[in-house]
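First up is the structure itself, then whatever we jot down about it.
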Amino acid sequence: MVTAIIGGQWGDEGKGKIIDLLAEKADVVIRAQGGNNAGHTVVTEHGEFKFQLMPSGILYPHVTCVIGHGVVVDPRVLLKEIEQLHERGLEPASLVVSERAHMVMSYHPVLDRLEEDSRGDDRLGTTWRGIGPAYSDKIRRIGFRIGDLQKEAFMRKKLDFVVQQVKNPVMTDLYKQDRFDPDMMLEEYLGYASQLDPYIKDTYPIVQDALDRGARVLLEGAQATMLDLDFGTYPYVTSSNPTAGGACTGSGVPPTRLDAVLLVLKAYTTRVGYGPFPTEETGEVGDQIRERGREFGTVTGRARRVGYFDGAVARYAARVNGATSIALTKLDILEQLPEIKVCVGYDFRGEFHDHPMANISHLKHCEPRYVTLPGWEQPIGHCRAWEELPANCRSYVECLEDVCGTLVELIGVGPRRDQFVVRGRSFL
Ligand code: IMP
């Protein structure tokens with residue numbers, strides 16, 4: 001069985017916790033895109049772990065954890081995460097990194113920041129991790145794959161070319177900054193090569209073998225549909241495809257082998273960085289949800305923008321990903337609100353739109369159309385069955401299901417691992 005876990009909003013839907021829950025039953029967990037712009041915290045008997053690149057199943061010794069070729073890997077970050085495990089006496093023996101995965105090179109974060117600064121008011125609000133520049137180089141065919149670390153002569157020649165012909169002219173002429181030294185970079189990267197060598201493999205046979213033997217495979221999405229390079233609010237997006245199609249491309253799992261797409265949606269909406277956000281609440285309600293939901297970024301610490309559930313976004317996400325069911329997270333955060341609004345679409349220039357428009361200036365200036373539901377105003381953290389949820393809370397969930405046209409099978413009612421209401425299990 002193959003299940004993809006996909007974010008349905010602008011990221012931070014709580015995918016990490018869902019994957020952590022499901023990874024226990026998985027044989028293989030594969031990360032397919034993104035890089036260390038993602039982040040999640042896992043709490044176990046060994047303490048708290050903060051991961052940005054490591055697939056979520058890494059703390060289960062029986063799970064093969066694959067960093068797929070669609071991911072961009074900063075070797076410095078990956079080595080720190082391996083070290084974090086070693087410090088607690090854990091060995092990531094089941095970690096495999098695709099030799100086809102591209103690397104975030106040391107110039108990428110530097111250029112990410114310089115590019116953002118030079119955009120001024122039009123900046124995108126990136127995480128400054130070099131993700132966009134690394135993917136751009138992959139597309140320009142001047143990127144370095146992690147397997148290149150095993151080819152010293154090739155690395156030397158290509159680094160000379162890329163650094164001297166492409167990167168340094170931009171650094172010195174455009175940004176008036178110091179140049180990069182290809183010899184120093186080579187030495188640095190060859191150092192990473194020896195440390196990462198045991199993990200670097202061709203993941204094609206590993207993934208195909210898992211499919212052939214009917215293994216339980218989880219595709220771990222990072223970021224989300226509205227940050228997708230094609231489906232999201234371009235240019236305010238990340239530089240990969242966090243949708244189900246991207247999960248297939250970046251992992252090597254053929255689309256016809258996907259059995260389930262579990263769309264993760266937060267019971268309200270958040271967004272980090274700039275770009276349109278039709279249901280954003282900048283007043284008291286927004287502040288209240290942000291505080292209660294602890295909506296501050298795990299990677300950058302930035303306060304997240306907060307708003308009501310955007311049904312137009314969620315329906316669109318359900319459709320473009322072919323969601324088979326929904327995991328609804330953080331429902332407990334809304335338990336103090338006397339009434340809760342749900343956006344069902346947008347009004348713009350006399351027309352109703354039931355999905356986000358491609359033109360982001362229209363999306364920025366549209367008027368969300370809301371239905372207002374009564375809140376339930378009581379704690380739900382103890383609920384484990386659908387019937388135990390207050391009637392108004394069930395009505396809220398049913399309203400979201402109607403808007404998305406998709407069943408909600410998992411409901412998060414608190415931060416702990418066991419705080420879930422499970423209504424169905426069509427996924428792994
Ligand atoms: P980048 O991925 O660093 O290039 O950032 C591009 C946009 O995606 C920015 O608005 C980021 O805040 C956003 N972004 C990237 N990764 C995440 C994530 O894991 N959660 C939420 N937003 C993200």
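Values in this text are rule-based calculations from the coordinates and carry no lab data. Bear in mind the structure is a predicted one, so any value in this text is a computation, not a measurement.
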Reduced to Cα centres, the span from the stretch 265-279 to the stretch 81-97 in Å works out to 34
Mean Cα-pair separation over length for the stretch 141-280, i.e. relative contact order, pairs under 8 Å, 6 or more apart, % = 14
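Could you pull out the pairs from K176/K364; K50/K201; K151/K176; K157/K201; K167/K364 whose alpha carbons sit more than 27 Å apart here?
Correct reply: K176/K364; K151/K176; K167/K364.
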Whole Å is fine, so just give me how far the alpha carbon centre of the stretch 405-428 lies from that of the stretch 185-211.
-> 35
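How high is the relative contact order of the stretch 102-198, in percent, counting Cα pairs under 8 Å that sit 6 or more residues apart? Spell out each step's value before the answer.
Numbers: 83 pairs, mean separation 24.4, N = 97.
This gives 25 percent for the stretch 102-198.
Cα convex hull of the stretch 113-264: how many Å³ per residue? Intermediate values should be presented prior to the final figure.
Details: hull volume 21.7 nm³, N = 152.
Enclosed volume per residue, from the Cα hull, is 142 Å³.
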For I200, the residues 5 or more places away or on another chain with a placed amide H closer than 5 Å to its own amide H are V97
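Please express the shape of the stretch 102-198 as an equivalent ellipsoid: the semi-axes are the square roots of 5 times the eigenvalues of the C-alpha gyration tensor, given largest first in whole angstrom. If you can, show how the numbers build up before the last one.
Values: eigenvalues 120, 46, 25 Å².
Ellipsoid semi-axes (Å, largest first): 25, 15, 11.
Express the Stokes-Einstein translational diffusion coefficient of the chain in µm² s⁻¹, to the nearest whole number, given a Kirkwood radius over alpha-carbon pairs, 4 °C and a viscosity of 1.567 mPa s. Working shown, then result.
Details: Rh = 22.3 Å.
In µm²/s, the coefficient is 58.
Counting only C-alpha contacts under 8 Å and six or more residues apart, can you give the relative contact order of the stretch 182-244 as a whole percent?
Details: 38 pairs, mean separation 11.8, N = 63.
The value is 19 percent.
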